[in-house]
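Reading through the structure tokens given below for one structure.
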Amino acid sequence: MDFFDAAEKLTDGEIKALQTQRLKNILNTVQKNQFYKKRLEDSGLNSQNLFHIDDLRKIPFTDKADLRQNYPDQLLCVLPGECARMHCSSGTTGTPIAIFYTQNDLNVWANLMARSLFAVGVRPGDVFQNMSGYGLFTGGLGIHYGAERLGCLTIPAGAGNTRRQIKLLKDFKVNAIHILPSYALHVAQSLQNDLSQLHLKIALVGAEPYTELMRKRIENALNVKVMNSFGLTEMNGPGVGVECSAQNGLHIWEDAYYLEIIDPQTGKNLPDGEVGELVLTSLTRQAMPLLRYRTRDLTRVLKGECPCGRRHRRIDRILGRTDDMFILKGVNIYPLQIEEVLLTFPELGNNYLIQLEEDGALENMRVKVELKNAYFTDDLRALYHLKEKIARRLKDEILLQPLIDLVEPASLPQNEGKAQRVVDLRNKNV
């Protein structure tokens, strides 16, 4: 089995030893920051009495509220003049989060991203089209420098402008891309099943949760192997974890990150195999290390060894986010539960919208979903029976029966960025 670098060949014991040593270095680094210095003093932990990586659990969690309260640069562990770049969260409301990088941080990030691309099957000399947004969004530059580090001809296409994207794919015989799952289906729809001039073999897909059925739709629509990627701005960006050729979960690069799975309600650590919230600690960052950061992503550690030979632990695909969950009539619901059901119906397209509404004192959920052209009909009885079937299937999954609106193809908003799946129209002030 080919590997990009030696760190992929580490044994379990070697990974733990390296993590412990790197955490000692990180504890010395964060002592320069008042926020973490106080936390270490309160917990009694320091680089001298840390003997095992799991000792880190004595420190309280860090979360997004901490980053916002210390915006813009109060979590820096180096002087501002030592930083080479800053990225910001993509949120459009409230205080954003800012993440800083030294040049060494950027070099390590590029190497992790190159390692990730290699793991999914991209090779030096491949033509790689990056269809992520550039600028403050980490998916653009992070993936770009990783592809260049690997040795790919890298096309910085950015997001949107689908006609230009397709022209680039064809003209430069692109064989590997990075793309959002919702946008991949939009590109496929724009191609109108004409794949004759495409040379794609691999699509690295991430930045928003998606189901296994969504993966299959993308693969069938673009005749490409879809590989799952995971990252978040707070931990650099993309390159935190990725599927290997075995497609048996996402390897978290444990030489750079320490992972935990916790109960999101109690904060207690959960054993391998149980679903909970992913918590990450950066082990190589200089400018702005984060200790025990609550990602809000829901997943689990997969048991057993991966056939690829890498011993870096694997997590399941992201199952949703604790902050994506909405509550309707006292029931906790995740959007991916809705998607999982909708994609089982061959009559339905890829685009849908969940609306939370009020009808007097009652709350309702309305699911608007596009019909495929071949199934769009004036036969009202057939459409009624299809709506009833979808509603019953959803009730089996989420315990509530929603209202179903079957709408014309391409009538819902088409997203070239992250898809907005839920619109809450309820009056929360009542």
>> With surrounded by fewer than 21 Cβ atoms within 10 Å (Cβ to Cβ), touching a residue at least 24 places away in the same chain (Cβ under 8 Å) and in contact with a helix residue (DSSP H, G or I) (Cβ under 8 Å, 6 or more places away or on another chain) as the only criterion, which of Ile179, Ile143, Ile166 stands out?
In response: Ile166
> Looking at region 99-135, which of the residues that are modelled with pLDDT of 95 or more and of a type in the set (Gly, Ala, Ser) is nearest to Gly239 (Cα to Cα)?
Replying inline: Ser116
> Is it the case that some residue within region 271-281 is farther than 20 Å from Ala17 by Cβ, in the same structural domain as Gly231 (by TED's automatic domain parsing), in contact (Cβ under 8 Å) with a residue 60 or more places away in the chain and not polar (S, T, N, Q)?
Replying inline: yes
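Do the conditions hold for Asp73, that is, is it among the acidic types (Asp, Glu) and over 30 Å from Cys306 (Cβ atoms)?
So Asp73 fits the description; yes.
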> Listed residues Asn33, Asn28; which is surrounded by fewer than 16 Cβ atoms within 10 Å (Cβ to Cβ) and of a type outside the set (Lys, Arg)?
Replying inline: Asn28
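Sort out for me the strands (runs of 3 or more DSSP E) sitting completely within region 341-430 that have 2 or more residues that are surrounded by 12 or more Cβ atoms within 10 Å (Cβ to Cβ) and acidic (Asp, Glu).
348-359, 362-371
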> If you go through region 249-256 one residue at a time, do you hit one that is surrounded by fewer than 17 Cβ atoms within 10 Å (Cβ to Cβ), within 15 Å of Ile315 (Cα to Cα) and in contact (Cβ under 8 Å) with a residue 60 or more places away in the chain?
Replying inline: no
> What are the residues in region 276-316 that are among the charged types (D, E, K, R), surrounded by 19 or more Cβ atoms within 10 Å (Cβ to Cβ) and outside any strand (DSSP E or B), if any?
Replying inline: Arg285, Arg292, Arg300, Arg310, Arg313
> Out of all the residues in region 61-73, which are polar (S, T, N, Q) and surrounded by 13 or more Cβ atoms within 10 Å (Cβ to Cβ)?
Replying inline: Thr62, Asn70
>> If Gly81 meets every condition in (1) over 19 Å from Thr284 (Cβ atoms); (2) part of a loop (DSSP other than H, G, I, E, B); (3) modelled with pLDDT of 95 or more apart from one, which number is that one?
In response: (2)
>> Kindly evaluate Asn350 against the criterion of being touching a Lys or Arg at 6+ places or on another chain (Cβ under 7 Å) and under 20 Å from Pro409 (Cβ atoms).
In response: yes
> Going through region 179-219 one residue at a time, which ones are of a type in the set (A, V, I, L, M) and under 18 Å from the mean Cα position of the chain (by Cα)?
Replying inline: Ile179, Leu180, Ala184, Leu185, Ile202, Ala203, Leu204, Val205, Ala207, Leu213, Met214, Ile218
> Just checking, which of Gln247, Gln265 is under 24 Å from Lys9 (Cβ atoms) and polar (S, T, N, Q)?
Replying inline: Gln247
> Which members of region 38-60 meet the condition of being among the hydrophobic types (A, V, I, L, M, F, W, C) and either surrounded by 15 or more Cβ atoms within 10 Å (Cβ to Cβ) or part of a helix (DSSP H, G or I) (or both)?
Replying inline: Leu40, Leu45, Leu50, Ile53, Leu56, Ile59
>> So for region 343-351 (the condition being touching a residue at least 40 places away in the same chain (Cβ under 8 Å) and touching an Asp or Glu at 6+ places or on another chain (Cβ under 6 Å)), does at least one residue qualify?
In response: yes
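On the given criteria, is Ile218 under 24 Å from Phe345 (Cβ atoms) and of a type in the set (A, V, I, L, M)?
yes
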> Within region 326-340, can you find the residues that are surrounded by fewer than 16 Cβ atoms within 10 Å (Cβ to Cβ) and free of Cβ contacts under 8 Å to residues at least 60 places away in the same chain?
Replying inline: Ile327, Gly330, Asn332
>> Return the residues of region 94-138 that are among the basic types (Lys, Arg) and either in a helix (DSSP H, G or I) or farther than 18 Å from Ala203 by Cα (or both); say none if nothing qualifies.
In response: Arg115
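The values are calculated or read from the model by the stated rules, or taken from the named source; none is laboratory data. From a predicted model like this one, the values you see are computed outputs, not experimental measurements. Cβ: placed from backbone, ideal geometry, glycine included. Neighbour counts: every protein chain shown.
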